[in-house]
1. For the pair GLN1/ARG19, report the inter-label distance in nm, with labels modelled 7 Å from Cα in the Cβ direction.
2. If you find the alpha carbon centre of the stretch 1-19 and of the stretch 32-64, how far apart are they in angstrom?
3. Any chance you could list P(r) for the stretch 13-54, counting all Cα-Cα pairs in 5 angstrom bins from zero, rounded to whole %?
4. Between GLU87 and GLU58, what length comes free when the chain is fully extended (0.36 nm per residue of separation minus the Cα-Cα distance, one decimal in nm)?
5. Kindly provide the trypsin sites (Lys or Arg not before Pro) of the stretch 74-114 that DSSP labels as loop, not H, G, I, E or B, and whose Cβ sees at most 11 other Cβ atoms within 10 Å.
6. In whole Å, what are the extents of the chain along the principal axes defined by its C-alpha atoms, from largest to smallest?
Amino acid sequence: QVQLVESGGGLVQPGGSLRLSCAASGFTFSSYYMAWYRQGPGNERELVASISYTGGFENYADSVKGRFTISRDNAKNTVYLQMNSLEPEDTAVYYCRNDALKVWGQGTQVTVSS
């Protein structure tokens, strides 16, 4: 059974940092690109970042470039999203996704507020 489980969300003040994790199971993790999406209040779900099989290629939404970093550990079947300099506009539910297998995680809430 293919499964993605996110963790690491929470409440953080503007300017703060969070690290999200997504643990994958049920497929050969190292054979797939992985991605993070988010959906803020009243917004459509949008791509935040994606990473290639071995992490050699990363892609970011313009809104997060220079602040967020996606990474992966294929030995642990885990993809990460390091989020720095967080802004209230980053408030959203963050989802891990395997686009090729069309599988979503359950999401983790990130709230940026003072």
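Read the figures in this text as sums done on the coordinates, not as results from a lab. Not measured: the values here are computed from a predicted model. Neighbour counts run over all protein chains shown; Cβ positions are idealised from the backbone, glycine included.
1. Taking the simple label geometry, GLN1 and ARG19 are separated by 2.9 nm.
2. Their Cα centres are 14 Å away from one another.
3. In whole percents, the pair-distance histogram is 5, 15, 19, 23, 20, 9, 7, 1.
4. Working: separation 29, 0.36 × 29 = 10.44 nm, distance 2.17 nm.
This chain segment gains 8.3 nm when fully extended.
5. Working: sites: LYS76, ARG97, LYS102; in loops: LYS76, LYS102.
Sparse-neighbourhood loop trypsin sites (Lys or Arg not before Pro): LYS102.
6. Computed over the Cα atoms, the extents are 40, 26, 23 Å.
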